[in-house]
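What follows is a short report on a single structure.
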Amino acid sequence: MDELLIKKIIAGDSGSFEKLVSRYQKKIFAFVYRMVESREDAGDLTQEVFLQVFRSLNTFRGDAKLNTWLYRIASNKTLDFLRKNKKARLVTFDSEDYQGEPSLTCSPENNPEQIVLKEEKMRRLRRMIAGLPDRYRLALVLYHYQELSYQQIADALEIPVKTVATRLYRAKLILRETLRGDTDAMP
């Protein structure tokens, strides 16, 4: 289905490009947003991704799936942005701009104290993920939030599958060690 869409776009059918954008825009935005943690920057980067896609579509060889190619472009754009804008790393997931997971609601098994503790745990976890080195965070976001397979991540990042597995393992190890350190520091 994507192959036909690509052929139509290359042939000059602008409506087909709009279909491509509407099909993938939310996924690409969600991925970029998890990496840069700013709605405005994520929106700008998502536009840049699709502009790059439009410009480069005639070079798409079809070796990988279209969505893998899109994530590769999005990954490159996002990493370039993060390198150029080190201050973007100072914004955390608990800023007012973040609208990721919905807040927990009251239920019979969740009293207000439990809800506050769970929300605080989620904020801590998001801060820790934001603090991971880019290569580990990228693999973690693609796997856990975008639900890509190891092979799809390898294709998108142009790295071996074993490297994907190693990066995910190290990301989890860093998070586990950080959590252990936080627990030790608590009274």
If we only count helices (runs of 4 or more DSSP H) wholly inside the range 119-187, which ones have 2 or more residues that are hydrophobic (A, V, I, L, M, F, W, C), touching a Ser or Thr at 6+ places or on another chain (Cβ under 8 Å) and over 20 Å from residue 81 (Cβ atoms)? none
Those residues that are out of contact with any helix residue (DSSP H, G or I) (no Cβ under 8 Å at 6 or more places or on another chain) and either in contact (Cβ under 8 Å) with a residue 12 or more places away in the chain or under 18 Å from residue 81 (Cβ atoms) (or both), I need them from the range 24-34; list them, please. none
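Among the residues of the range 37-61, which ones are crowded, with 20+ Cβ neighbours inside 10 Å and at pLDDT 90 or above?
The answer is 41, 42, 45, 46, 49, 53.
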In the range 136-149, what count of residues is obtained for those that are farther than 16 Å from residue 70 by Cα and either at pLDDT 95 or above or buried (at least 19 other Cβ atoms within 10 Å of the Cβ) (or both)? 3
Please verify whether the range 25-45 includes one or more residues that are in a helix (DSSP H, G or I) and more than 25 Å from residue 131 (Cα to Cα). yes
Can you tell me which of (1) surrounded by 14 or more Cβ atoms within 10 Å (Cβ to Cβ); (2) more than 30 Å from residue 63 (Cα to Cα); (3) modelled with pLDDT of 65 or more is the one residue 117 doesn't meet? (1)
Exactly one of (1) farther than 23 Å from residue 6 by Cβ; (2) surrounded by 14 or more Cβ atoms within 10 Å (Cβ to Cβ); (3) modelled with pLDDT under 90 is unmet by residue 64. Its number? (1)
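Rundown of residues vs (1) farther than 20 Å from residue 32 by Cβ; (2) of a type outside the set (S, T, N, Q); (3) in contact (Cβ under 8 Å) with a residue 12 or more places away in the chain, yes/no style:
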| residue | (1), (2), (3) |
| --- | --- |
| 123 | yes, yes, yes |
| 126 | no, yes, yes |
| 134 | no, yes, yes |
| 142 | no, yes, yes |
| 146 | no, no, yes |
| 153 | no, yes, yes |
| 161 | yes, yes, no |
| 173 | yes, yes, no |
Any residue at all in the range 170-187 that is out of contact with any Gly (no Cβ under 7 Å at 6 or more places or on another chain), of a type in the set (Lys, Arg), surrounded by 13 or more Cβ atoms within 10 Å (Cβ to Cβ) and modelled with pLDDT under 85? no
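The values are calculated or read from the model by the stated rules, or taken from the named source; none is laboratory data. Treat the numbers as computed from the prediction; the structure is a model and nothing was measured. Methodologically, a virtual Cβ is constructed for each residue, glycine included, from the backbone with ideal geometry; neighbour enumeration extends over all protein chains shown.
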